[in-house]
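Heads up: the structure comes next, in structure tokens.
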Amino acid sequence: MYLQRLFLNQFRNYSVLQQDFSSQVNIITGQNAQGKTNLIEAIYYLSMFKTYRPAQDSQLIKANTNAFAISGAVRSKAGDLKIEVVYRNKETGGKEIKINGLKIRKISEILGNLTVVLFAPEDLNIVKGAPAERRSLLDNDISQVNPSYFINLQRYNRILAQRNHLLKRLSGSEKITGELLVWNEQFILLSEEIIAKRLQVLEKLIPLTRLIQRKLTEGKENLDIRYLLNRQKEIKKNDNIRSLLLEDLKKTQKEELKRGMTLWGPHRDDLLIVLNGNDLKYFGSQGQHRTAVLAIKLAELEYFKAESGEYPILLLDDVMSELDQKRREQLIQTIQEKAIQCFITTTEDLAYPWSEKTTTQKFYIEQGVLND
Ligand SMILES: Nc1ncnc2c1ncn2[C@@H]1O[C@H](COP(=O)(O)OP(=O)(O)OP(=O)(O)O)[C@@H](O)[C@H]1O
Ligand SMILES: [Mg+2]
């Protein structure tokens, strides 16, 4: 699939933008603070209807205005689609999404219309950062091609909040009430479903990642990803998830009542990234972290293709210059082989060895104005 045209209105530092793009390589060059990341963010927003940066929707509105709009024309196997989002400051009305002119009420109904894989400098946090970074990598990937998973996550967060509320209410009493037993059961059922799906997806993602990592390192590095229940216990697809969750419940129920909060469940799980047998987080060099993240991102492309029959759009924000020659060539080769659409932002106009068959379109950006 690819994005044919993007339209922005009062988004970040853009006043108005209307631009057609190449179905293959789009290179966006500009100095710092001109709007490169904002453009990548806008495309991501059309896919996930949220930003990946630490910002509220209201902060995406151009300063001194009170609404932003992003829309895009997408061409995919399913046909041509127009996706439109308008966000207005709370007083005037929140977020409105339309697909081909029809108003959409639930995001779960439209995820997957535009799938993206983003690779940005902060993705090094997948290795180095907190468990939430790794969980959201997995959750975002699965949600894009599996709307029922997204719905389950939303339900999970609601039940978690309700269970926490109840635990807080009961805290200090140490009394397991009938009401708590009901919530426990609901919580376990949903946790089990979420974890099972994550394991199922990892089973596909891990061999792909491993293969790419070996290719990137000439067979020197073996990458593995393991799922850690409650950040500790490694589990695999065929393990009895329910009984492990029940164990966690039994172990922590008293403490949960004392502290008034849930102390186990998929919102506390983690992924352990292992390189040649060692925890990459603590043993890897900066370059190894970068290579592993690149391998994961390239594996994500294949995962999306396997799940939806189409490659997603690849968004590369400022990462080319961070990669060494070999990794960069590998990335370029992958983009060319798969003939995927990608958006590459860079501060320097670097000459890459694109083959003649690949259509590359160049853009220059200055203060929120894009020129080709
Ligand atoms: N809501 C907003 N309204 C107006 N300007 C904004 C808003 N949010 C961000 N900006 C500005 O947009 C400009 C461009 O930001 P962006 O992150 O896209 O830069 P960039 O081109 O990616 O730069 P770098 O090379 O440093 O990453 C910045 O100066 C930023 O302050
Ligand atoms: Mg940037």
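One compactness figure for the chain is 1.06, namely its Cα radius of gyration divided by 2.2 N^0.38 Å. When the Cα gyration tensor is reduced to axis lengths a ≥ b ≥ c, the ratio a/c is 1.5 or higher for the range 272-340, and with a/b not above b/c it is classed as oblate. If only the Cβ of Lys and Arg carry +1 and only the Cβ of Asp and Glu carry -1, the dipole of the chain around its Cα centre is close to 1040 debye. With θ taken as phi - 60° and the Karplus curve 6.51 cos²θ - 1.76 cosθ + 1.60 applied, the whole-hertz 3J(HN,Hα) list for the range 189-199 is 4, 6, 4, 4, 5, 5, 5, 4, 5, 4, 5 Hz, x standing for glycine and proline. The region of the chain that goes longest without hitting one of the trypsin sites (Lys or Arg not before Pro) in a DSSP loop, each with at most 16 other Cβ atoms within 10 Å, is 238-356.
Of the GluC sites (Glu not before Pro) found in the range 99-188, those in coil by DSSP whose Cβ has at most 15 other Cβ atoms within 10 Å are E174.
You can think of it this way: the chain between A73 and I151 has 25.5 nm of extra reach, that is 0.36 nm per residue less the Cα-Cα gap. Test of understanding: in a Gaussian network model of the chain with alpha carbons linked when under 10 Å, which of P131, P54, P266 would top the mean-square fluctuation ranking? It is P54. For the chain, the residue among S321, L223, L160 whose Cα projects farthest onto the positive side of the dipole built from Cβ charges is L160.
One Cα centroid belongs to the range 70-112, the other to the range 138-163; the line between them spans 20 Å.
Net charge dipole, the range 130-309: roughly 300 debye, given to the nearest 20, about the Cα centre with Cβ charges of +1 for Lys and Arg and -1 for Asp and Glu. Rolling a 1.4 angstrom probe over the chain with all protein chains present gives an accessible area of which 47% lies on carbon and sulfur atoms.
Through the Karplus equation 6.51 cos²θ - 1.76 cosθ + 1.60, θ set to phi - 60°, convert the phi angles of the range 156-164 into ³J(HN,Hα) values in whole Hz; use x for Gly and Pro. Per residue, the Karplus-derived 3J(HN,Hα) values read 4, 4, 5, 5, 4, 5, 5, 5, 4 Hz.
Compute the Cα gyration tensor for the range 130-309, then decide on rounded, prolate or oblate, letting a ≥ b ≥ c be the square roots of its eigenvalues: rounded whenever a/c is under 1.5, prolate when a/b is larger than b/c in the other cases, and oblate in all that remain. Cα axes put the range 130-309 in the prolate bin. Ligands, DNA and RNA are left out, and with a 1.4 angstrom probe the accessible area of the range 130-309 is 48 Å² per residue.
The values are calculated or read from the model by the stated rules, or taken from the named source; none is laboratory data. All values reported here derive from a predicted model rather than from experimental measurement. Please note: Cβ atoms are built from the backbone with ideal geometry, for glycine as well, and neighbour counts cover all protein chains shown. For accessibility, only protein heavy atoms count, side chains too; no ligands or nucleic acids. Shrake-Rupley method; radii C 1.70, N 1.55, O 1.52, S 1.80 Å.
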